[in-house]
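For reference, the structure discussed in these notes is given below.
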Amino acid sequence: MGIVKKLLAQLFYLLVSVSAFWTLLLFLDVKEGLIAWVLASILAGTAAAVIIYAYIKSETHPYGMQISLWLNLASLLSFFVLSFVLFGGNMLLYEAEEYTTEKTNLTAKQKLSYYQQFIWDKQDVNLEELEQARHEGITFYYEKGSYPTEGIEQILSYIEGNKQFLERDLGGKTDAAVSIVLYGDSMEMAERESIQQEYSGFYDESEKTIHLPLPVDQTTLAHEYIHHLFLNIARQRGIYTSDIPSWFVEGVATHLSEKETSLLRTMMEDTEYVGFQDLETPGQWENHLQAPYSPYFQSGSFMRYLSAQEGPDILSRIFVEMRHASVQESFEKVTGKTVHAHEANFIAVHDNLLKQWREADDLDVRHDEPNSRWSCSWKLRPAPGNWNR
């Protein structure tokens, strides 16, 4: 009975000490956490040394004393290992935050939120609480008692009418199943932390799931479905999707989902350009979502420019080459120019288009409203909306 009490006591002390160390780490950054772990390890090692020394110096070694020795040493060793695991977890939280938002500081509340998400698998929406229906190989999730007939029919119609053309543009095919979560009035979309707004839609690559609010926006649907096709074709080709720059992933989806629309003059005038080297990671992308930046518009426009310069199949040719090389290397091999060279020319063409438009305004050749769209049928001179020059 005495052994059981000692065992329970050691487990209690271990739980309290580990919990205290974990709580402390909530308020410490990586460097501070490392210092705390080293100090805690020194204390644990010192305690172990004292216990062993006392045991050796003792003239007698009764059975109970031996049990206490091993329980104490086991408890201290367990604390050393568990505290190291907690320190590693704290470090990974900062790495995850830097990768996704480029931020290097975390509050205790944000850390708790991460632990809920990664350890307890806390999701913004619990699919088990939703009704589901399966149509043409697609699983739809929606609020109980509110079958979204119009939204589902719209999605099925879009996919049926566009999948083969999108796969042609991407230069590959995939039969990867997709699920779609439709958010009704009583459901809240996840919030995009960088701009403090709800997502207008997003694709969860790990779950192969598209999340869309109702009513379904056609452009958003197309954008997220292109993500599904593109990322799964990449996987099938053995491409690590995490190695593909964010500007390329988003640029492809933006261009293919909006290539039938014209470019807004105001967007071209008001958007501040940011180099693609600063739009490589999700964190860099998120940090440039607020005005005066518009990375979606910029990346999509670049892909449109590239298609005009190199041909409509340029994206598929680069994508195929990515099986053997990085995006940057694939650009150079397929087009004979580096990404940087294309980017420099893209900026020059962009500036020239704006210059021509302003000259037209000054000459009263054209009298459009400030928000008028670029026209691709300007009769008096080459259209400002034409990237092919």
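On the stretch given as the stretch 322-340, residues that are under 16 Å from residue 279 (Cα atoms) and surrounded by fewer than 18 Cβ atoms within 10 Å (Cβ to Cβ) total 3.
Here residue 282 fulfils each of the conditions (1) surrounded by 19 or more Cβ atoms within 10 Å (Cβ to Cβ); (2) under 28 Å from residue 326 (Cα atoms) apart from (1). Being assigned by TED's automatic domain parsing to the domain that holds residue 248, within 24 Å of residue 353 (Cα to Cα), charged (D, E, K, R) and surrounded by fewer than 18 Cβ atoms within 10 Å (Cβ to Cβ) is true of residue 272. Could you look through the stretch 24-47, keep only residues that are of a type in the set (Val, Ile, Thr) and under 12 Å from residue 83 (Cβ atoms), and pick out the one that is nearest to the chain's Cα centre (by Cα)? So, considering only residues that are of a type in the set (Val, Ile, Thr) and under 12 Å from residue 83 (Cβ atoms), the one nearest to the chain's Cα centre (by Cα) is 38.
The set of residues in the stretch 81-92 that are touching a Ser or Thr at 6+ places or on another chain (Cβ under 9 Å) and either over 15 Å from residue 15 (Cβ atoms) or acidic (Asp, Glu) (or both) contains only 84.
Of all residues in the stretch 327-350, exactly one satisfies the criterion of being among the polar types (S, T, N, Q), more than 26 Å from the chain's Cα centre (by Cα) and closer than 20 Å to residue 237 by Cβ, namely 335. Criterion first (touching a Lys or Arg at 6+ places or on another chain (Cβ under 6 Å) and modelled with pLDDT under 90) does residue 110 satisfy it? Considered against the rule, which asks whether it is touching a Lys or Arg at 6+ places or on another chain (Cβ under 6 Å) and modelled with pLDDT under 90, residue 110 comes out as no. Screening residue 211 on (1) in contact with a Gly (Cβ under 8 Å, 6 or more places away or on another chain); (2) touching a residue at least 40 places away in the same chain (Cβ under 8 Å); (3) more than 18 Å from residue 286 (Cβ to Cβ) shows it passes everything except condition (3). Listed by position, the helices (runs of 4 or more DSSP H) contained in the stretch 263-321 that have at least 3 residues being farther than 18 Å from residue 171 by Cα are 265-270, 282-286, 295-310.
In the stretch 84-92, the condition of being under 17 Å from the mean Cα position of the chain (by Cα), of a type outside the set (Lys, Arg), part of a helix (DSSP H, G or I) and at pLDDT below 80 is met by no residue.
Scanning the stretch 155-174 for residues that are in contact (Cβ under 8 Å) with a residue 60 or more places away in the chain and of a type in the set (A, V, I, L, M) gives 155, 159, 166, 170.
The values are calculated or read from the model by the stated rules, or taken from the named source; none is laboratory data. Computed from a predicted model, the values in this text were never measured in an experiment. So basically every Cβ, Gly included, is an ideal-geometry build from the backbone, and we count neighbours across all protein chains shown.
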